[in-house]
Ligand code: ADP
Ligand code: NA
């Protein structure tokens with residue numbers, strides 16, 4: 001039987017993915033290749049909704065793709081492509097936008113949060129319609145499953161509603177995607193503010209470990225990570241969020257369980273944990289950084305991989321768009 005299809009996208013809005021992106025999302029993308037027919041997209045169309053620099057966007061899109069290949073996305077087993085290279089995305093988004101209620105779109109809490117940050121009047125229409133483009137991303141591939149964190153649940157719900165609504169208005173066309181919940185998804189927190197999530201929009205760069213950070217730099221960030229009063233190395237996200245975060249990262253990268261780590265650090269200090277975590281991070285990122293550089297140093301080869309990914313994606317996307325257009329009356 002055919003494998004279920006999974007779709008996921010990630011924005012090229014930073015110079016590197018950080019450990020939160022990797023441990024909370026991308027690592028699962030790699031694993032899903034074993035069980036699913038996987039379509040993964042660097043969503044550059046989504047990255048222009050809040051102002052951007054063209055040269056930087058182009059560079060970040062390439063680095064994002066290179067990093068995804070470098071962490072183990074295998075172009076033989078999954079389809080990795082750049083959103084702007086598949087014009088069916090905005091084409092389907094228009095149709096879906098025409099069956100989305102203005103009030104329905106207005107209820108998206110992410111838009112409310114983000115537009116507030118930008119000053120409501122200045123927020124773009126693109127930021128407003130972002131979840132509709134996201135629905136098109138998913139529905140074009142007839143995805144059965146979409147890995148979602150808490151922050152994306154409402155958007156996936158809209159995708160499901162739009163799929164069902166189109167199907168009942170115009171006839172069965174779209175697979176209704178289900179959330180793929182990953183058990184034990186690591187929530188990585190900011191090294192400088194361990195109650196907040198590690199995020200590219202963190203206030204301090206010292207709070208984020210990028211996959212492409214030089215190991216000396218990440219060691220320094222880990223050394224100065226905010227820990228907690230007390231000296232015992234135990235896992236308690238409530239009372240010891242800083243130490244618990246370091247243990248979470250260590251465990252996820254070294255493959256050793258939290259319990260095993262806590263036992264190994266009994267009677268030892270935060271300094272030891274930080275020193276060894278810096279080594280674990282360095283060992284983990286080194287080969288990823290080498291492979292990323294390899295892809296970036298051979299632009300023609302990277303272009304070729306992405307063109308092949310876009311071609312595979314288009315074969316599916318064009319079929320879905322054609323039947324959509326037909327049903328709509330085009
Ligand atoms: P950021 O928060 O840096 O802006 P995004 O919102 O672009 O990152 O998230 C990209 C993916 O990475 C999403 O699937 C998101 O859930 C995941 N992610 C981001 N930050 C973290 C984190 N600190 N811990 C776990 N997962 C995260
Ligand atoms: Na974010």
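The values are calculated or read from the model by the stated rules, or taken from the named source; none is laboratory data. Just so you know, these numbers come straight off a predicted model, no measurement behind them. Please note: Cβ atoms are built from the backbone with ideal geometry, for glycine as well, and neighbour counts cover all protein chains shown.
State whether one or more residues within the range 257-275 are in a helix (DSSP H, G or I), within 14 Å of ligand 1 (Cβ to nearest atom) and over 30 Å from residue 302 (Cα atoms). Talk me through it step by step, then tell me what you get.
So the first thing to find is which residues in the range 257-275 are in a helix (DSSP H, G or I), and the list is 258-264, 270-275.
Within this subset, residues satisfying the condition of being within 14 Å of ligand 1 (Cβ to nearest atom) are none.
Within the range 257-275, none of the residues are in a helix (DSSP H, G or I), within 14 Å of ligand 1 (Cβ to nearest atom) and over 30 Å from residue 302 (Cα atoms).
Go over the candidates 83, 67, 59 one by one and state the one that is on the phi < 0 side of the Ramachandran plot and out of contact with any helix residue (DSSP H, G or I) (no Cβ under 9 Å at 6 or more places or on another chain).
59
For the range 1-109, which strands (runs of 3 or more DSSP E) that fit wholly inside it have 1 or more residues that are without any contact (Cβ under 8 Å) to a residue 60 or more places away in the chain?
The qualifying strands (runs of 3 or more DSSP E) are 5-10, 37-42.
Give the residues of the range 110-126 that are loosely packed, with under 15 Cβ neighbours inside 10 Å and free of Cβ contacts under 8 Å to residues at least 40 places away in the same chain, sorted by residue number.
112, 113, 116, 117, 119, 120, 121, 122, 125, listed by residue number.
Can you confirm whether residue 129 is within 30 Å of residue 170 (Cβ to Cβ) and in a helix (DSSP H, G or I)?
Numbers: within 30 Å of residue 170 (Cβ to Cβ): yes; in a helix (DSSP H, G or I): yes.
So residue 129 fits the description; yes.
Return the residue satisfying two criteria in turn: it lies in the range 130-150 and is touching a helix residue (DSSP H, G or I) at 6+ places or on another chain (Cβ under 7 Å) and within 22 Å of residue 22 (Cα to Cα), and of such residues it is modelled with the lowest pLDDT. Full working, then the answer.
Taking the range 130-150 first, the residues touching a helix residue (DSSP H, G or I) at 6+ places or on another chain (Cβ under 7 Å) are 130-142, 146-149.
With within 22 Å of residue 22 (Cα to Cα) added as a condition, the list becomes 134, 137-138, 146-149.
Numbers: 134: 97, 137: 98, 138: 98, 146: 97, 147: 93, 148: 85, 149: 77.
The selected residue is 149.
With respect to residue 147, is the statement that it is within 27 Å of residue 130 (Cα to Cα), within 16 Å of ligand 2 (Cβ to nearest atom) and touching a strand residue (DSSP E or B) at 6+ places or on another chain (Cβ under 6 Å) true?
yes
Considering (1) in contact with a strand residue (DSSP E or B) (Cβ under 7 Å, 6 or more places away or on another chain); (2) within 13 Å of ligand 1 (Cβ to nearest atom); (3) in contact (Cβ under 8 Å) with a residue 24 or more places away in the chain, say which one residue 177 fails and leave the rest.
Of everything listed in (1) in contact with a strand residue (DSSP E or B) (Cβ under 7 Å, 6 or more places away or on another chain); (2) within 13 Å of ligand 1 (Cβ to nearest atom); (3) in contact (Cβ under 8 Å) with a residue 24 or more places away in the chain, residue 177 misses just condition (2).
Considering only the range 155-184, how many residues are more than 19 Å from residue 89 (Cα to Cα) and either surrounded by 15 or more Cβ atoms within 10 Å (Cβ to Cβ) or in contact with a helix residue (DSSP H, G or I) (Cβ under 6 Å, 6 or more places away or on another chain) (or both)? Full working, then the answer.
As a first pass, look at the range 155-184 and keep what is more than 19 Å from residue 89 (Cα to Cα): 168-172, 178-184.
Filter once more, so that each one left must be either surrounded by 15 or more Cβ atoms within 10 Å (Cβ to Cβ) or in contact with a helix residue (DSSP H, G or I) (Cβ under 6 Å, 6 or more places away or on another chain) (or both): 170-171, 179-180, 182.
Selection size over the range 155-184: 5.
Somewhere in the range 98-107, is a residue within 16 Å of ligand 1 (Cβ to nearest atom) and over 15 Å from residue 46 (Cβ atoms)? I'd like the intermediate steps shown before the answer.
In the first step, residues of the range 98-107 are kept if they are within 16 Å of ligand 1 (Cβ to nearest atom); the result is none.
Scanning the range 98-107 turns up no residue that is within 16 Å of ligand 1 (Cβ to nearest atom) and over 15 Å from residue 46 (Cβ atoms).
Within the range 200-229, track down each residue that is assigned to a loop (DSSP other than H, G, I, E, B) and either in contact with a helix residue (DSSP H, G or I) (Cβ under 7 Å, 6 or more places away or on another chain) or away from ligand 2 (no atom under 15 Å from the Cβ) (or both). Please lay out each step first, then the result.
Of all residues in the range 200-229, those assigned to a loop (DSSP other than H, G, I, E, B) come to 200-204, 208-209, 211-214, 224-229.
Scanning the range 200-229 gives 204, 209, 211, 212, 213, 214, 224, 225, 226, 227, 228, 229.
Answer with yes or no whether residue 201 is under 21 Å from residue 63 (Cβ atoms), within 15 Å of ligand 1 (Cβ to nearest atom) and out of contact with any strand residue (DSSP E or B) (no Cβ under 7 Å at 6 or more places or on another chain).
Values: under 21 Å from residue 63 (Cβ atoms): yes; within 15 Å of ligand 1 (Cβ to nearest atom): yes; out of contact with any strand residue (DSSP E or B) (no Cβ under 7 Å at 6 or more places or on another chain): yes.
For residue 201, the condition - under 21 Å from residue 63 (Cβ atoms), within 15 Å of ligand 1 (Cβ to nearest atom) and out of contact with any strand residue (DSSP E or B) (no Cβ under 7 Å at 6 or more places or on another chain) - is met.
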